[in-house]
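One structure below.
The values are calculated or read from the model by the stated rules, or taken from the named source; none is laboratory data. Not measured: the values here are computed from a predicted model. Cβ coordinates were reconstructed from backbone atoms using ideal geometry, including for glycine residues, and neighbour counts include every protein chain displayed.
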Amino acid sequence: MISKQALRKLSRILGPEAISTCRDVLDHYGTDATKLAYSPDAVAFPGHIREIADILRLANHEGFPVVPRGAGSGKSGGALPVQGGLILAMDRFDRILEIDESNHIAKVESGVITARLQEEVEKVGLFYPPDPASIHISTIGGNVAECAGGLRAVKYGVTRDYVLGLTVVLPTGNIIKTGVETAKGVVGYDLTRLLIGSEGTLAVIVGVTLRLIPKPVFTRSMMVFFKDPCTTVKAVSEIMRSKVVPTALEFMDRNCIECVRNEIGLSIPKSTGALLLIELDGDRALTRRETDTVKEICSQMGAIDFQAASTKKKRERLWEARRNVSPAVYKLKPDKVSEDVVVPRNRMADLVSYVNRLSQKYGLPMPVYGHAGDGNIHVNMMLDKKNPDELTKVDKAVRELFQKVLDMKGTLSGEHGIGITKAPYLSMEISKPAQELMIRVKKAFDPNGILNPGKIFPQRI
Ligand code: 2HG
Ligand code: ZN
């Protein structure tokens, strides 16, 4: 709870127009893509790094929580004010500071929308590959905080692979720079890597230096239809075994296809049980050769049809439909618990049939889609949260799913983080000594526990 006196001090730091306690603002900033809702006491819109430092010093003095927030597109509740306090909305940190064509670097403020950065760098023939499904709304700072993945991770990696350095405010109010603005650098501990994916619990990210690459000259997308989901994911392993690495290799099962059928705008064979959405890029000749290899493998694996899309318009329609699967599955039930487990690619068929059995066992739809090229599968457990019976079933199903994934040498989260939704399960994957070490790291950064408390750890520190 922020005291009246602390609110007055905040207003002096920020100016009265940059802090709000209006109900509709609190409601808007108290929820995120999980659709869970908590009420902050106030929302701050800082415009300068020094203001953030002053806010954090005040928070230590007065003992109120501060929760940094990008666009609120997170899927595990990382930006939710679970213990009230102050939301630190980074909306005003939205400048692209520099695109350096000779060093292939971009310097941005953390509130820049990811798609905007991509468009700007592409205008000069450069490329920022990470593209989480939320690119049109999510921010670079949020992507860094969660180490967002996305559709192109199979070939180009995730956010972590493009961050060279950060400017952050530590919970104690100190402003530091981590990493480098050069292609290489090994001085001291790698604080940049530690902060990436720390879910807003270790520092407030204000500035990001990103590595860029040249934009690929030619891109081809295709959709491949199969009769059954297990064969479809087996085809993924075969494609990877052939040493062709597509830019994106996405999977959707029948449930998902039905939810976005009208948006895809292609005729989908009636007997389709699952599909792959594949993108290849590079020079024209190589892309053509790789497309032929992929087609041949899919045919051998029993593909029933192919649809290619080489015009930009057609490709964009396919990918927009894919990006919209997440909201589209609400057609099946009013609520969902969505997981983003990862298994070794060659275990995906086992995982997909296991989810099918779970869905039958609990009598709930569980549409499955995701980044098959990474073995990163979004299992969506659809339910009506007003129905206590369905809630209990999903609780059980999630724990069973996680156990199965760990038995397959997989991991609980590939890109959405732990936040609050997966905190109760952390101990299934992370040993006690490893958790204790992580908690000591948290305490070294944030001795008074004011920055984004209640996240990641089951004991809600
Ligand atoms: C995607 O790949 C996102 O579409 C969202 O990571 C996944 O909502 C989800 O489960
Ligand atoms: Zn995803």
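For the stretch 300-344, the candidate set comprises residues that are acidic (Asp, Glu) and within 21 Å of residue 236 (Cα to Cα); within that set, the residue that is farthest from the chain's Cα centre (by Cα) is 305.
From the list 357, 315, 322, the lone residue that is outside the structural domain of residue 415 (by TED's automatic domain parsing), basic (Lys, Arg) and more than 16 Å from ligand 2 (Cβ to nearest atom) is 315.
Of all residues in the stretch 68-85, those that are under 16 Å from the mean Cα position of the chain (by Cα) and either within 16 Å of ligand 2 (Cβ to nearest atom) or part of a loop (DSSP other than H, G, I, E, B) (or both) total 11. For the stretch 39-62, indicate whether the set of residues that are surrounded by fewer than 18 Cβ atoms within 10 Å (Cβ to Cβ), among the hydroxyl-bearing types (Ser, Thr, Tyr) and either in the same structural domain as residue 166 (by TED's automatic domain parsing) or in contact with a Pro (Cβ under 8 Å, 6 or more places away or on another chain) (or both) is non-empty. Yes, the stretch 39-62 contains at least one residue that is surrounded by fewer than 18 Cβ atoms within 10 Å (Cβ to Cβ), among the hydroxyl-bearing types (Ser, Thr, Tyr) and either in the same structural domain as residue 166 (by TED's automatic domain parsing) or in contact with a Pro (Cβ under 8 Å, 6 or more places away or on another chain) (or both). Starting from the stretch 445-460, keep only residues that are within 22 Å of residue 55 (Cβ to Cβ), then list their pairs with residues that are of a type in the set (Gly, Ala, Ser) and assigned to a loop (DSSP other than H, G, I, E, B) whose Cβ atoms are within a distance under 6 Å, requiring at least 6 positions of separation or different chains. These pairs meet every condition: 452/200; 455/419. The set of residues in the stretch 145-162 that are touching a strand residue (DSSP E or B) at 6+ places or on another chain (Cβ under 7 Å), small (Gly, Ala, Ser) and more than 11 Å from ligand 2 (Cβ to nearest atom) contains only 145. One residue is enough: does the stretch 121-143 have a residue meeting the conditions free of Cβ contacts under 8 Å to residues at least 40 places away in the same chain and away from ligand 2 (no atom under 16 Å from the Cβ)? Yes. Considering the stretch 350-374, and only residues there that are touching a residue at least 60 places away in the same chain (Cβ under 8 Å) and surrounded by fewer than 20 Cβ atoms within 10 Å (Cβ to Cβ), the residue that is nearest to ligand 1 (Cβ to nearest atom) turns out to be 365. The set of residues in the stretch 386-408 being farther than 28 Å from residue 236 by Cα and either β-branched (Val, Ile, Thr) or within 16 Å of ligand 1 (Cβ to nearest atom) (or both) consists of 392, 394. Listed by position, the helices (runs of 4 or more DSSP H) contained in the stretch 97-204 that have at least 1 residues being under 22 Å from residue 447 (Cα atoms) are 140-146, 191-195.
Condition check ((1) within 28 Å of residue 63 (Cβ to Cβ); (2) crowded, with 20+ Cβ neighbours inside 10 Å; (3) of a type outside the set (Phe, Trp, Tyr)) across all residues:
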site	(1), (2), (3)
76	yes, yes, yes
83	yes, no, yes
93	yes, yes, no
132	no, yes, yes
157	no, no, yes
164	no, yes, yes
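Go through the stretch 362-410 and give me each residue that's in a strand (DSSP E or B) and at negative phi. Those that are in a strand (DSSP E or B) and at negative phi: 368, 369, 371, 376, 377, 378, 379, 380, 381, 382, 383. Residues being under 21 Å from the mean Cα position of the chain (by Cα) and over 28 Å from residue 39 (Cα atoms) are entirely absent from the stretch 443-458. For the stretch 117-139, the criterion of being within 16 Å of ligand 1 (Cβ to nearest atom), among the charged types (D, E, K, R) and touching a His at 6+ places or on another chain (Cβ under 9 Å) is met by no residue. Among the residues of the stretch 304-313, those identified as closer than 10 Å to residue 223 by Cβ and either touching a helix residue (DSSP H, G or I) at 6+ places or on another chain (Cβ under 9 Å) or basic (Lys, Arg) (or both) are 306, 307, 308, 309.
Which of the residues that make up the stretch 10-26 are closer than 16 Å to residue 92 by Cβ and surrounded by fewer than 17 Cβ atoms within 10 Å (Cβ to Cβ)? Once the filter is applied, which keeps residues that are closer than 16 Å to residue 92 by Cβ and surrounded by fewer than 17 Cβ atoms within 10 Å (Cβ to Cβ), the stretch 10-26 yields 15, 16, 17. Looking at (1) over 16 Å from residue 154 (Cβ atoms); (2) within 26 Å of the chain's Cα centre (by Cα); (3) modelled with pLDDT under 95, which one does residue 275 not meet, given that it meets all the others? Every listed condition holds for residue 275 apart from (3).
Of all residues assigned to the stretch 333-347, none qualifies as being at pLDDT 95 or above, more than 16 Å from ligand 2 (Cβ to nearest atom) and of a type in the set (A, V, I, L, M). Of the candidates 266, 276, the single residue that is over 20 Å from residue 353 (Cβ atoms) and either out of contact with any Leu (no Cβ under 6 Å at 6 or more places or on another chain) or without any contact (Cβ under 8 Å) to a residue 60 or more places away in the chain (or both) is 266.
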